[in-house]
Every structure is written in C-alpha cells, then in structure tokens.
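The values are calculated or read from the model by the stated rules, or taken from the named source; none is laboratory data. Quantities reported herein were computed from a predicted structural model and do not represent experimental measurements. Cβ coordinates were reconstructed from backbone atoms using ideal geometry, including for glycine residues, and neighbour counts include every protein chain displayed. Keep in mind that these areas ignore ligands, DNA and RNA; they rest on the heavy atoms of the full protein, side chains included. Shrake-Rupley method; radii C 1.70, N 1.55, O 1.52, S 1.80 Å.
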Amino acid sequence: MTTGRLPSTIAAPVEHTLEIKRSVFLTHLAPVAGMDEADEVIAAIRKLRWDARHHCTALVVGAHADRQRSNDDGEPAGTAGVPMLEVLRRREVTDVVAVVSRWFGGVLLGAGGLVRAYGTAVASALDEATIVGRALRTQVTMEVPHAEAGRVLAFLHQWVGTHDAVLDSPAYGQAATLSLWVAEDDIATLDADLAAHTGGAIAARAGEIRVVDLPSR
C-alpha cells in the first residue's frame, strides 16, 4: 500500500537542558508554520535568554523539508548550527525550529566537543517531543441521513483505526456530512467496505488531496 508518508513534525514546544564541563546548553524546539514563524521563535528566545553567550539555531520547514537553515551564532564555524541541522534531517522532521542557548562554563570544549554537544542537545530534546506523523491523504465525504449517522460514524471510527486514515468531526445540516482523509490506495477498499456496511445506500465521493497530521497509534 502506498501511504504517502512525509517528514514528521512535533506536537508542541519542548525544552531540554544539557550540562557539559559547566557549560549549559538549553534547547528549545518548537513547531512552526514557516520561516517567518521560525524567526519569531528565535527572536523571542534571544530576548528571553539575553544573558546566554550563544543562541545557535537550525530549522527545517515545508511539507517535504525543502527549506533548511542553520546559524552558529559566534561558535566556531560548523560546530553548532550544522550538527543541529543534521539531527533534524536524520530524524526526518520538518516545520521545526531548534534554538540552543549556551552559557559558557569557563572550559573550552574544542571543535569536536562542540559538535557533539550541540548535536546531543537537539537529539535529546527530540527524544522528549511527541512526534506527529504526516502523509498525503484524499478527502472522502458522504451525506448520511440523520437516522443512520450514528451507525455509519461508528463504522468509520473503526475503519480509520485500521487504515491509517483521519476522521473529521461530522457536520450536521439537512443531512449529516461525514468526512475522512484516506490514502489513495485505500479509497476503493473504503468504497467496498462502506457499501457492504450500508447495503449500498451511502455513496462516498473523493475530493481534494492535502497533507494531514496522522494520529498516534
């Protein structure tokens, strides 16, 4: 089955503190919708933690992780932002900004030590984050008489749980409009299962395709 899976993101901001030879590395990870929002997060952290010597950054945005940037913020070139970005790439996440604020502890770590410290700082923060999977899904909608809505909705709740799909909240008008997001390869299966469940009384129609967040299983 083709799932259309894309790079994941994180559900909410996360912070993690790492101390190495009296230097403190405080990582702030945040989900962002684009470059502008990432820049706002970086500016806010700089203002909040004004007394840190460095605020090194890495970010990845876009559904396909196609926009990336890093900054060493005064650390030796290539020892902070690049290893931070490499962790984000390796973990296959996007729409995430990482800011590592460092308070110098008086002991030089050397280039290798800095690379390890900044990479570990971001990796440790990601370990604590709730990862949200993403995928391309097709919207499938159906109009259901109110008298049948509860039964069909219960069937769809069960169906999405075994087919990596996402169910929207129902909308109620003259009839109940039920909508779910389905992998393209699963649309025919949904049609067949729905027909079997309703005796062919309910027809579903496919619509737009977009990136959706997948529920944790």
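Taken as a whole, the structure leaves L114 outside the set of residues that are within 24 Å of L6 (Cβ to Cβ), of a type outside the set (F, W, Y) and assigned to a helix (DSSP H, G or I). Residue count for the stretch 191-217 under the criterion of being in contact with a Ser or Thr (Cβ under 8 Å, 6 or more places away or on another chain), farther than 29 Å from V93 by Cβ and surrounded by 13 or more Cβ atoms within 10 Å (Cβ to Cβ): the result is 2.
If you filter the stretch 73-93 down to residues that are touching a Phe, Trp or Tyr at 6+ places or on another chain (Cβ under 9 Å) and in a loop (DSSP other than H, G, I, E, B), you find that the one that is surrounded by the most Cβ atoms within 10 Å (Cβ to Cβ) is A80.
The sole residue among A201, A149 that is assigned to a helix (DSSP H, G or I) and small (G, A, S) is A149. Limited to the stretch 164-198, what total is found for residues that are more than 23 Å from L136 (Cα to Cα) and in a helix (DSSP H, G or I)? Of the residues in the stretch 164-198, 4 are more than 23 Å from L136 (Cα to Cα) and in a helix (DSSP H, G or I).
Number of residues in the stretch 57-72 that are basic (K, R) and open to solvent by less than 70 Å² (accessible area, probe 1.4 Å): the value is 0. Residues that are among the aromatic types (F, W, Y) and either surrounded by fewer than 21 Cβ atoms within 10 Å (Cβ to Cβ) or in a loop (DSSP other than H, G, I, E, B) (or both) do occur in the stretch 40-56. Would you say V152 is more than 25 Å from the chain's Cα centre (by Cα) and either of a type outside the set (S, T, N, Q) or under 24 Å from R5 (Cβ atoms) (or both)? Here the answer is yes, as V152 does meet what is asked. Selection over the stretch 14-39 of residues that are more than 30 Å from V107 (Cα to Cα) and either part of a helix (DSSP H, G or I) or open to solvent by 30 Å² or more (accessible area, probe 1.4 Å) (or both) gives a count of 7. Confirm whether A121 is within 23 Å of E37 (Cα to Cα), in contact (Cβ under 8 Å) with a residue 12 or more places away in the chain and in contact with an Asp or Glu (Cβ under 7 Å, 6 or more places away or on another chain). Judged against the criteria, A121 is not a match.
Scanning the stretch 140-190 for residues that are within 20 Å of I209 (Cα to Cα), touching a residue at least 12 places away in the same chain (Cβ under 8 Å) and open to solvent by 70 Å² or more (accessible area, probe 1.4 Å) yields a total of 3.
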